[in-house]
Structure formats: structure tokens, C-alpha cells
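The values are calculated or read from the model by the stated rules, or taken from the named source; none is laboratory data. These numbers come from a predicted model, not from an experiment. Note that each Cβ is placed from the backbone with ideal geometry, even for glycine, and that neighbours are counted across all protein chains shown. With ligands, DNA and RNA removed, areas are computed over all heavy atoms of the protein, side chains included. Shrake-Rupley method; radii C 1.70, N 1.55, O 1.52, S 1.80 Å.
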Amino acid sequence: YTTLFRSIISAVSTAEVVVGKIEIIKKFQKLIENRVKEKAKHGEIDMQSFVRDHPWLLGHEYENHKPADFHHEHGVDKWIAEELRTVDKDFKKQDATTGKRFDLLCIKNDFQIVILELMRPGEPADYDHVSRLNLYVTRVDAAVQDAGTPREFAGKSVLGLLIADELKRDPSVNKTLQSLRHVMDAVTWNGLLKTVMSRYRDFFDILKLKAPEDPRIKGLVVFTSK
């Protein structure tokens, strides 16, 4: 009985965490449906800050990441200069010309750095965003491979991740993405939403099997169906 009791307590506790994440996923869905901007004024919610605050929305491999693991676009060149000990003058010149930098950057794991470029939900991927992301991936990769790079960064691969919609709308964009698939991945907002929602609902269903008659679990079941 003690083992069963502990199992039920564990299931309920875990289920409560899962339900909390499902609620965040529902907010994520609303942001996508309302086509919230990828970047808004200070104090306003946007896709960039929401993804940074809830990195697990990007996939199970980001489950243990924290908002602090993501470097915001502001000061990214400083981050490269200080942490990777390199400054690319052309990189800075490009930023000054376009007025645009990549959106987020994170140390994904011991082997990889990921650069994220986000487009507003509903907007189709375009060649400009793809080519710019490729430029950033190339430049950061060069910095990582620099002889003066600290051991914690040395040798890491650099991957670009574009989040946009209608990835196959423009044949030239689609072909370019395919040719760059060794250094760049792309996913739609709805694709991201569908994957994360399915994962957590399946997880919750498994937890229900551990304590199907527990009233707290039943309450959470009603909660998640809303």
C-alpha cells in the first residue's frame, strides 16, 4: 500500500505540472491564432519573449532549458565578442545596415549552439529571412571555430532554426532550405504547437492510468478538457 500511495502522490504531483504546461500551450495557441508579432514594444507580449520564457515549446530537447539560457538579440554582438572572444566587423556592419539581428541564441547542449529566427505567425517564410539566418549561422560558426575560443564553446556546431509559416509557398525558399538542411531547420508555428500539445496530452494520459480513481486526477482531467 505504501508503494501504491507514493505512486499516486507522484502521479498527482506530476499531473499538476503537466496541466500547468498545457495551460501555457493554450496561451501559445491563442498567440498564434491572433498572429501576435514576433517582437513588440517593451512590456508587450510577443512571440520572441514567449518562446524565450517557455523554451520547452521548441521540443523535448529544450525541456531543461531556462529563459536565462537564451541570449536576446540586444547585445548579441557583445556576447560573441566577450564569450567567444571574437568580433566580426562585417557582422556588425550588416546589423547596422539592416537594423535587424537574429532573435534568440542559446547553448542547446554540449555539442550545439542554436540561432533562432522568428517570423510573425501567418507570415510565409521568405528568402530574406532564410539568407540572413544562414549569414548569422556562418558568422557565429566562424567565431566558435576561432583559435581563441574558450574550451566550453570550442568545436560546437551551430544550427539555425527558422519558425515561420507556409514554408513550401515559395519554391526558391523551399529549395534553399533543403540545400541548407545540414545547418538550418525550419518549422511552422502550427507544427510546433501540434507537436508540443500532443506530447503533453499523451504524457497526461499515461499519468491518468496510474491513479484513474483519485479525485484529484479526475479534477485535473476536467481541467485539461476545458
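Give the residues of segment 103-160 that are among the aliphatic types (A, V, I, L, M), within 19 Å of ASP185 (Cβ to Cβ) and outside any strand (DSSP E or B), sorted by residue number. Once the filter is applied, which keeps residues that are among the aliphatic types (A, V, I, L, M), within 19 Å of ASP185 (Cβ to Cβ) and outside any strand (DSSP E or B), segment 103-160 yields MET119, ALA125, VAL130, LEU133, LEU135, VAL137, VAL140, VAL144. Of the candidates LEU220, LEU135, LEU193, the single residue that is at negative phi, modelled with pLDDT of 90 or more and out of contact with any strand residue (DSSP E or B) (no Cβ under 9 Å at 6 or more places or on another chain) is LEU193. Among what's in segment 141-172 and is of a type in the set (A, V, I, L, M, F, W, C) and open to solvent by 40 Å² or more (accessible area, probe 1.4 Å), pick the residue that is nearest to ASP103 (Cα to Cα). The extreme case among them is ALA142. Pairing each residue of segment 29-45 that is under 17 Å from VAL196 (Cβ atoms) with any residue that is modelled with pLDDT of 95 or more and open to solvent by 90 Å² or more (accessible area, probe 1.4 Å), provided the two are 6+ apart or on different chains, yields C-beta distances under 7 Å for ILE32/ASN190.
For segment 108-119, the candidate set comprises residues that are out of contact with any Leu (no Cβ under 6 Å at 6 or more places or on another chain) and crowded, with 17+ Cβ neighbours inside 10 Å; within that set, the residue that is farthest from ARG139 (Cα to Cα) is MET119. Would you check if there is a residue in segment 173-186 being among the β-branched types (Val, Ile, Thr) and open to solvent by 80 Å² or more (accessible area, probe 1.4 Å)? Checked segment 173-186: no residue is among the β-branched types (Val, Ile, Thr) and open to solvent by 80 Å² or more (accessible area, probe 1.4 Å).
For THR138, the stated conditions do not hold, so it cannot be described as of a type outside the set (A, V, I, L, M, F, W, C), under 22 Å from TRP56 (Cα atoms) and surrounded by fewer than 16 Cβ atoms within 10 Å (Cβ to Cβ).
Scanning for something within 30 Å of LYS208 (Cα to Cα), assigned to a helix (DSSP H, G or I) and at pLDDT 90 or above, does segment 7-22 turn up at least one residue?
no
Out of SER198, SER172, one residue alone is more than 17 Å from GLU38 (Cα to Cα) and without any contact (Cβ under 8 Å) to a residue 12 or more places away in the chain. It is SER198.
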